[in-house]
Amino acid sequence: MKKLYDIVFKTKEDRKLLYFKGEADVSEDELHILSGNTVDFLTYFNSFSISKWKEYTTIKKLQINGKIIGSAKIEVYTIGKEETVLTKKQVNRDFVIDFDVEKITGEILGIKVKAESKVIIQNLIYLGEFEEWKNQKIGVVIC
């Protein structure tokens with residue numbers, strides 16, 4: 001599996017909604033969520049454009065890795081013509097969720113974390129497995 005990118009938590013308060021939706025506090029590189037609160041990462045910077053990865057790469061498998069301290073329910077879903085829940089998983093430490101990309105029909109993939117106790121998210125990472133991998137250097141300009 002090749003690391004694609006990390007889900008980002010750390011940001012200025014006025015830009016928070018570009019990174020996550022919901023009640024949470026950021027400290028260092030961790031996200032703290034109180035029991036009963038839900039954080040949604042289907043946002044501008046943290047969603048995964050599954051349709052674009054399928055169109056422009058040879059991605060075959062997608063993996064989400066994470067480390068969570070506390071008890072939480074992870075929901076991975078897609079949006080497109082409709083919202084589709086791909087999986088729900090109870091977690092309380094390191095976890096891995098795998099997907100066969102060809103079976104995913106939505107356009108954009110997102111992750112929700114519902115805290116069932118006080119939760120600290122230490123990391124969430126998107127990884128991919130490809131038919132063919134080429135190291136590419138790209139530049140992004142956001143106006």
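The values are calculated or read from the model by the stated rules, or taken from the named source; none is laboratory data. All values derive from a computational prediction rather than experimental measurement. Every residue, glycine among them, receives a Cβ derived from its backbone with ideal geometry; neighbour counts consider all protein chains shown. Ligands, DNA and RNA are excluded from the accessible area calculation, which covers all protein heavy atoms including side chains. Shrake-Rupley method; radii C 1.70, N 1.55, O 1.52, S 1.80 Å.
Of all the criteria given as (1) open to solvent by less than 80 Å² (accessible area, probe 1.4 Å); (2) more than 30 Å from ILE138 (Cα to Cα); (3) in contact (Cβ under 8 Å) with a residue 40 or more places away in the chain, the one not satisfied by PHE41 is (2).
Would you confirm whether any residue within the range 89-102 is on the phi < 0 side of the Ramachandran plot, touching a residue at least 60 places away in the same chain (Cβ under 8 Å), surrounded by 15 or more Cβ atoms within 10 Å (Cβ to Cβ) and assigned to a strand (DSSP E or B)? No, because not a single residue in the range 89-102 is on the phi < 0 side of the Ramachandran plot, touching a residue at least 60 places away in the same chain (Cβ under 8 Å), surrounded by 15 or more Cβ atoms within 10 Å (Cβ to Cβ) and assigned to a strand (DSSP E or B). Checked against (1) touching a helix residue (DSSP H, G or I) at 6+ places or on another chain (Cβ under 9 Å); (2) open to solvent by 70 Å² or more (accessible area, probe 1.4 Å); (3) free of Cβ contacts under 8 Å to residues at least 40 places away in the same chain, GLU82 passes all but a single condition, namely (1). Taking the range 17-43 as the range and being outside any strand (DSSP E or B), under 18 Å from SER117 (Cα atoms) and not hydroxyl-bearing (Ser, Thr, Tyr) as the test, the residues that pass are GLY22, GLU23, ALA24, LEU34, GLY36, ASN37. Say whether the condition of being among the hydrophobic types (A, V, I, L, M, F, W, C), touching a helix residue (DSSP H, G or I) at 6+ places or on another chain (Cβ under 7 Å) and closer than 22 Å to GLU23 by Cα is met by at least one residue in the range 120-131. No; the residues of the range 120-131 include none that is among the hydrophobic types (A, V, I, L, M, F, W, C), touching a helix residue (DSSP H, G or I) at 6+ places or on another chain (Cβ under 7 Å) and closer than 22 Å to GLU23 by Cα.
Listed by first and then second residue, the pairs linking a residue in the range 1-16 that is assigned to a strand (DSSP E or B) to a residue that is open to solvent by 90 Å² or more (accessible area, probe 1.4 Å), with Cβ atoms under 8 Å apart and 6 or more places separating them unless they lie on different chains, are LYS2/TRP133. The listed residues are LYS3, LYS12, and the only one of them that is out of contact with any Asp or Glu (no Cβ under 7 Å at 6 or more places or on another chain), surrounded by fewer than 14 Cβ atoms within 10 Å (Cβ to Cβ) and at pLDDT below 90 turns out to be LYS12. Looking at the range 31-73 only, could you name the residues that are more than 10 Å from the chain's Cα centre (by Cα) and aliphatic (A, V, I, L, M)? Within the range 31-73, LEU31, ILE33, LEU34, VAL39, ILE50, ILE59, LEU62, ILE68, ILE69, ALA72 meet the criteria.
Here GLU131 qualifies as over 17 Å from the mean Cα position of the chain (by Cα), in contact (Cβ under 8 Å) with a residue 24 or more places away in the chain and open to solvent by 80 Å² or more (accessible area, probe 1.4 Å). When the range 44-70 is filtered for residues that are in a strand (DSSP E or B) and in contact with a Phe, Trp or Tyr (Cβ under 9 Å, 6 or more places away or on another chain), the ones remaining, listed by number, are PHE48, ILE59, LYS60, LYS61, LEU62, GLN63, ILE64, ASN65, GLY66, LYS67, ILE68.
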